[in-house]
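See structure below.
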């Protein structure tokens, strides 16, 4: 993305930001609350209209992708299925809407550890199970790009390790992985590159080691660059 801007009334949520998440690498996207991360992801995924600049996935706007789930799989913190719908039906509907073979539903349920609870209504799912279902949906189209917003939220330690492993393995397969998280450890242990956003602007962008250099740790760099209290 380049020069991306988005304003809500008097609030300049995103102010001319630009960065590139590269194939074969995990890019960590960090920022304090209200920094503009969610707005950036919403514009990138066509859920909000930017006021300027350009946000593309493989050179195309999300709205121009013919079968979006085959190109980009996304987990947003705000997204979720209808509570009365069974998990397997939610995934089947998504598969049908993007011409994805039905067998892929079974594969991602297994991958996300949801095979045993696939026929339960999602309204009865715990937060952790809902996150797993969201990740399963993101993986449904076997996409080249993964955008994961707070993927470890609500997961137990085994689930957190699974998410980290999934991100690393996806990058190793040549996929582009954009990982947005408040959990510094998730990014520090998973990311190759880091983008830090503060007050709608880029505070740092580069390899994790470069961003952390001079501060000792990524966490120390984050607090120094954003002025946030520990």
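Would you point out the residue of region 57-71, among those that are more than 18 Å from residue 105 (Cβ to Cβ) and more than 15 Å from the chain's Cα centre (by Cα), that is surrounded by the fewest Cβ atoms within 10 Å (Cβ to Cβ)?
Of all residues in region 57-71, those more than 18 Å from residue 105 (Cβ to Cβ) come to 57-66, 71.
Remaining after also requiring more than 15 Å from the chain's Cα centre (by Cα): 58-61, 63-66.
Working: 58: 11, 59: 7, 60: 11, 61: 14, 63: 9, 64: 11, 65: 16, 66: 9.
Per the stated criteria, the residue is 59.
How many residues are more than 12 Å from residue 130 (Cα to Cα), touching a helix residue (DSSP H, G or I) at 6+ places or on another chain (Cβ under 7 Å) and crowded, with 16+ Cβ neighbours inside 10 Å when one looks only at region 77-89?
Looking only at that region, the number is 1.
Kindly provide the set of residues from region 70-113 that are in a helix (DSSP H, G or I) and not assigned by TED's automatic domain parsing to the domain that holds residue 132, ordered by number. It would help to see each step written out before you state the result.
Pass one, region 70-113, residues in a helix (DSSP H, G or I): 70-71, 87-97, 103-111.
Listed by number, the residues that qualify are 70, 71.
Report yes if residue 74 is crowded, with 19+ Cβ neighbours inside 10 Å, closer than 27 Å to residue 191 by Cβ and modelled with pLDDT under 95, otherwise no. Quick ask: steps written out before the conclusion?
Numbers: crowded, with 19+ Cβ neighbours inside 10 Å: yes; closer than 27 Å to residue 191 by Cβ: yes; modelled with pLDDT under 95: no.
So residue 74 does not fit the description; no.
In region 219-230, how many are within 21 Å of residue 26 (Cα to Cα) and either touching a residue at least 60 places away in the same chain (Cβ under 8 Å) or not in a helix (DSSP H, G or I) (or both)?
1
Please verify whether residue 137 is buried (at least 19 other Cβ atoms within 10 Å of the Cβ), at pLDDT 95 or above and closer than 23 Å to residue 45 by Cα, treating the condition exactly as stated. First the steps, then the outcome.
Working: buried (at least 19 other Cβ atoms within 10 Å of the Cβ): yes; at pLDDT 95 or above: yes; closer than 23 Å to residue 45 by Cα: yes.
Yes.
When you go through 113, 154 one by one, which is the residue that is surrounded by fewer than 17 Cβ atoms within 10 Å (Cβ to Cβ), free of Cβ contacts under 8 Å to residues at least 40 places away in the same chain and on the phi > 0 side of the Ramachandran plot?
Matching residue, one of 113, 154: 154.
Among the residues of region 17-44, which ones are over 14 Å from residue 195 (Cα atoms) and loosely packed, with under 15 Cβ neighbours inside 10 Å?
From region 17-44, those over 14 Å from residue 195 (Cα atoms) are 23-24, 33-34, 39, 42-44; that's our starting set.
Result: 23, 24, 33, 34.
Please enumerate the residues belonging to region 182-197 that are more than 20 Å from residue 76 (Cα to Cα) and surrounded by fewer than 21 Cβ atoms within 10 Å (Cβ to Cβ).
Let us first name the residues in region 182-197 that are more than 20 Å from residue 76 (Cα to Cα), namely 188-189, 192-193.
Correct list: 188, 189, 192.
Which ones in region 114-156 are more than 19 Å from the chain's Cα centre (by Cα), assigned to a helix (DSSP H, G or I) and over 18 Å from residue 94 (Cβ atoms)?
116, 124
Any idea which residue in region 160-181 is surrounded by the fewest Cβ atoms within 10 Å (Cβ to Cβ), counting only those that are touching a strand residue (DSSP E or B) at 6+ places or on another chain (Cβ under 8 Å) and outside any strand (DSSP E or B)? Outline the logic, then answer.
So in region 160-181, the residues touching a strand residue (DSSP E or B) at 6+ places or on another chain (Cβ under 8 Å) come out as 163, 167-168, 170-171, 175-181.
After this cut, where a residue has to be outside any strand (DSSP E or B) as well, the list is 163, 167-168, 170-171, 175, 181.
On the way: 163: 23, 167: 25, 168: 16, 170: 21, 171: 22, 175: 19, 181: 22.
Applying the filter and picking the extreme gives 168.
Output the residues belonging to region 13-35 that are closer than 23 Å to residue 224 by Cβ and within 14 Å of the chain's Cα centre (by Cα).
26, 27, 28, 29, 30, 31 - these are the residues of region 13-35 that are closer than 23 Å to residue 224 by Cβ and within 14 Å of the chain's Cα centre (by Cα).
The values are calculated or read from the model by the stated rules, or taken from the named source; none is laboratory data. The shown structure was predicted, so the numbers you read here are calculated from the model rather than taken from an experiment. Every residue, glycine as well, gets a Cβ built from its backbone with ideal geometry; the counts of neighbours run over all protein chains shown.
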